[in-house]
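First the structure, in the form of structure tokens, and then the observations on it.
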Amino acid sequence: QLQASGGGSAQAGDSLGLSCTASGLAFSGYTIGWFRQAPGKEREFVAAFKRYNSNPYYADSLRGRFTISRDNARNTVYLRMNNLKPEDTAIYYCAAGARIITSRIRIADAYDYWGQGTQVTVSS
């Protein structure tokens, strides 16, 4: 139901854009988030839109470099990543949740549906 795409390889300082397209969901009624998981590390919150709310939420460490946006008509959420760093290397996942309170928006377990992930590799 969630399809992430757009990953790939990049050099440090480059930009990449990811897309997450949902099917079978009333898209605007879901909180949509991006998470990432690097090898040997826990899944980490990146950014999210709370349902029915256009205000984005970001991981503090990524604010200013990463931008989340959404197109409800296309059932798609985007993640624009600028000034990429080698530590951004990870599998990036999009996720959706129907009833996520604000205090849990950064918690992976709060989300009900997950895409398959897309690899982003940044070399120095």
Scanning region 113-124 residue by residue, the ones that are exposed (fewer than 15 other Cβ atoms within 10 Å of the Cβ) and part of a loop (DSSP other than H, G, I, E, B) total 2
Those residues of region 17-47 that are assigned to a strand (DSSP E or B), open to solvent by 40 Å² or more (accessible area, probe 1.4 Å) and within 18 Å of A108 (Cα to Cα) come to a total of 2
Filter region 6-16 for residues that are part of a strand (DSSP E or B) and surrounded by fewer than 16 Cβ atoms within 10 Å (Cβ to Cβ); the one that is nearest to the chain's Cα centre (by Cα) is G8
Matching residues in region 63-102 (of a type in the set (G, A, S), in a strand (DSSP E or B) and surrounded by fewer than 19 Cβ atoms within 10 Å (Cβ to Cβ)) number 1
Of the listed residues (D60, D109), the one being part of a helix (DSSP H, G or I), out of contact with any strand residue (DSSP E or B) (no Cβ under 8 Å at 6 or more places or on another chain), surrounded by fewer than 16 Cβ atoms within 10 Å (Cβ to Cβ) and at pLDDT 95 or above is D109
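The values are calculated or read from the model by the stated rules, or taken from the named source; none is laboratory data. Note that the coordinates shown come from a computational prediction; the quantities given were computed from them, not determined experimentally. Ideal geometry is used to build each Cβ from the backbone, glycine not excepted, and the neighbour counts take in all protein chains shown. With ligands, DNA and RNA removed, areas are computed over all heavy atoms of the protein, side chains included. Shrake-Rupley method; radii C 1.70, N 1.55, O 1.52, S 1.80 Å.
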